[in-house]
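Student: Got a structure for you, questions after.
A short reminder: the numbers here are calculations on the coordinates, not readings from a lab. Because the structure is a prediction, the values reported are computed rather than measured. With ideal geometry, Cβ positions are generated from the backbone for all residues, glycine too; neighbour counts draw on all protein chains shown.
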Amino acid sequence: MDILSLIGIALALFAVLVGAVLKGAGLHALLSSAAFMIVVVGTFASILIQTPARVMKHAFGILPWIFRPPVLKPEEQIQKIVEWSQSARRQGLLGLEPLLAEETDPFLRKGLQLVIDGGEPDAIRDILEVELDSREAADLRAAKVFEGMGIYAPTLGIIGAVLGLMAVMQNLADPSKLGQGIAAAFTATVYGIGLANLLFLPVANKLKTVIAAQTHVREMLLEGMISIAQGENPRAIEAKLTGYLN
């Protein structure tokens, strides 16, 4: 569990709600069904137009990563690679074949199969780099869904404010309604800027950080499997991969 994400969301809500009270606006000023429709529903409408269905599905599939990022355990992965290299030196590459059924990571299983098949190290690298780049690109496209929402929300907030001011202009003959109407108009701006900077953009950047960490570990695993294919000494492999932990 990523406790920082939970603390961040809680602090964001606390800052806005308490700030509204301290400024004298009150919590009721933040409640507006019109602003919700224009900003929140409008933002989702915009992102649905922009995003293919499979990317949208993937985006909400990785959204829980902000609270529960994938467990990487690079130290354990290094030990696994070292054990594989020791088995390969003792029994040959075919001695690794029984380990395929035990491996649950698709990336590692694919690399291990290529090593067992006796592929050339350069060919193995090319194949695994394509796999690595494709996964990273798919995950980044998904993260950019929330980045897009962070771009659209403030603009829709301005649209909501303008629409509210248009409604105020229609009631200029009744001064008693002007103050309340103007305040309601700017609620949409608060929704747009607040959601963008306190939710959508932070979520996108957090996901990018998680994706970068995953890619870093997979690059380490790729180097480890290439080293096994090249028949390097297990101690040398361990020393090389440990450098990725810094």
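Student: Taking Cα atoms, how many degrees apart are the long axis of helix 121-169 and the longest axis of the chain, rounded to 10 and kept between 0 and 90?
Tutor: Tilt relative to the chain: about 0 degrees.
Student: Taking the alpha-carbon set of segment 1-109, what are its Rg and Dmax in Å?
Tutor: Taking only Cα atoms of segment 1-109, I get Rg and Dmax of 24.5, 76 Å.
Student: If you place +1 on the Cβ of every Lys and Arg, -1 on the Cβ of every Asp and Glu, and leave all else neutral, what size is the dipole of segment 33-246 about its Cα centre, to the nearest 20 Debye?
Tutor: In total the dipole reaches around 780 debye.
Student: Let me ask another. Measure nothing fancy, just the Cα-based angle from helix 3-22's long axis to the longest principal axis of the chain, in degrees from 0 to 90, nearest 10.
Tutor: Value to nearest ten degrees: 10.
Student: Let me ask something else. Run the count for the chain, please: Lys pairs, Cα-Cα under 20 angstrom, 8 or more apart or on different chains.
Tutor: 11
Student: How long are the semi-axes of the ellipsoid equivalent to the chain, from square roots of 5 times the Cα gyration tensor eigenvalues, in whole Å, largest first?
Tutor: Taking √(5λ) for each eigenvalue gives 54, 18, 11 Å, largest first.
Student: Below 15 angstrom from the Cβ of ALA239, what's the summed charge of the other residues (Lys, Arg +1; Asp, Glu -1)?
Tutor: Working: positive: ARG235, LYS240; negative: GLU75, GLU223, GLU232, GLU238.
Once positives and negatives cancel, what remains is -2.
Student: Now for a different question. Step through the residues of segment 99-112 one at a time and calculate ³J(HN,Hα) from phi using the Karplus curve (6.51 cos²θ - 1.76 cosθ + 1.60, θ = phi - 60°), rounding each to whole Hz and writing x for Gly and Pro.
Tutor: Rounded to whole hertz, the list is 6, 4, 5, 8, 7, 9, 6, x, 5, 5, 5, 5, x, 5.
Student: So what's the angle, to the nearest 10 degrees on a 0 to 90 scale, between helix 74-91 and the longest Cα principal axis of the chain?
Tutor: With both axes taken from Cα atoms, the answer is about 20 degrees.
Student: Roughly how many whole Å is it from the C-alpha centroid of segment 109-137 to that of segment 6-72?
Tutor: When both Cα centres are located, 39 Å separates them.
Student: How high is the relative contact order of the chain? Use alpha-carbon pairs under 8 Å, at least six apart in sequence, and give a whole percent.
Tutor: Values: 257 pairs, mean separation 78.9, N = 246.
Across the chain, relative contact order equals 32 percent.
Student: Also, quick follow-up: Tell me what the chain gives for mean residue ellipticity at 222 nm when only DSSP H runs of n ≥ 4 count, each as -39,500 (n - 2.57), the sum divided by the residue total, rounded to 500 deg cm²/dmol.
Tutor: Counting only the DSSP helices, I get -24000 deg cm²/dmol.
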